[in-house]
Amino acid sequence: MAREAYPYLLWCGAAAVVTAVAAGWFPGLWWFVGLLGILTAFVAYFFRDPERAIPAGDDVVVAPADGVITRLGPVVPDDPASPWLVSIFLSPLDVHINRAPIAGVIREMLHRPGRFTSALREDAALVNEQSILTLEGERITVTLKQIAGFIARRCVLWKQVGDYVACGERIGLIKFSSRTDLIVPPEVTLCVRQGERVVGGVTVIGRIRLPD
């Protein structure tokens, strides 16, 4: 379980105990105790952090998040040299841990304040609150965006500029439903399609082509 869950679990647990004590005098409160129990269980479920079997190979690019691919295509339409954009939408039921799509060194991290519109909107990457990470590998450099949504209000990165991360390593999370965008250079051959469900750190979304 991600450590960000602990404050929520502490609050829910304390509220459940206080309400249970009060329900001894006011039995009508027991429904609220049950509600707090359900909320506590959901928080534990939401912040789950399962172990993942990371694919081997120095040419793989793995999914940075669990979810459904809602957009897949060139950043600049009709430009053969355009990088690829892969947008992954995370529902409240998905694992919200973000993982490094490739091995490399974090060269830049930016936080961009913004709005909290639906993460499904195409312009969410332009107007919403987000954190942007640039990761330089041995063969390619990729950009990862944690984009807040209507419910999500905080993007969390656990790394610093200059840190080396392995492919599939945990790098952060987004609290509640959200979107993760990955921008990769054109020399990556994509292995996924729009509408496909991917698993962070496990699904190979692309392979790096060798130079001619």
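Exactly one residue out of V76, V17, V21 is assigned by TED's automatic domain parsing to the domain that holds V198 and more than 21 Å from C155 (Cβ to Cβ): that is V76. Among the residues examined, I54 qualifies as outside the structural domain of I171 (by TED's automatic domain parsing) and of a type in the set (A, V, I, L, M). Every test in (1) among the hydrophobic types (A, V, I, L, M, F, W, C); (2) more than 15 Å from the chain's Cα centre (by Cα); (3) surrounded by 14 or more Cβ atoms within 10 Å (Cβ to Cβ) is passed by A63 save one, and that test is (2). Residues that are of a type in the set (A, V, I, L, M) and assigned to a strand (DSSP E or B) were ranked within the stretch 85-106; the one that is farthest from the chain's Cα centre (by Cα) is V105.
Looking across the stretch 171-190, the residues that are over 14 Å from R71 (Cα atoms) and touching a Lys or Arg at 6+ places or on another chain (Cβ under 8 Å) come down to I171, G172, I174, K175, F176, E187, V188, T189. Out of the stretch 193-212, which residues are of a type in the set (V, I, T) and at pLDDT below 95? Scanning the stretch 193-212 gives a single hit, I208. Would you confirm whether or not the stretch 3-19 contains a residue that is hydrophobic (A, V, I, L, M, F, W, C), at pLDDT below 75 and part of a loop (DSSP other than H, G, I, E, B)? No - not one qualifying residue is present in the stretch 3-19.
The values are calculated or read from the model by the stated rules, or taken from the named source; none is laboratory data. This is a predicted model, so every value here is computed, not measured. Here Cβ is always computed from backbone atoms with ideal geometry, including for glycine, and neighbour counts include all displayed protein chains.
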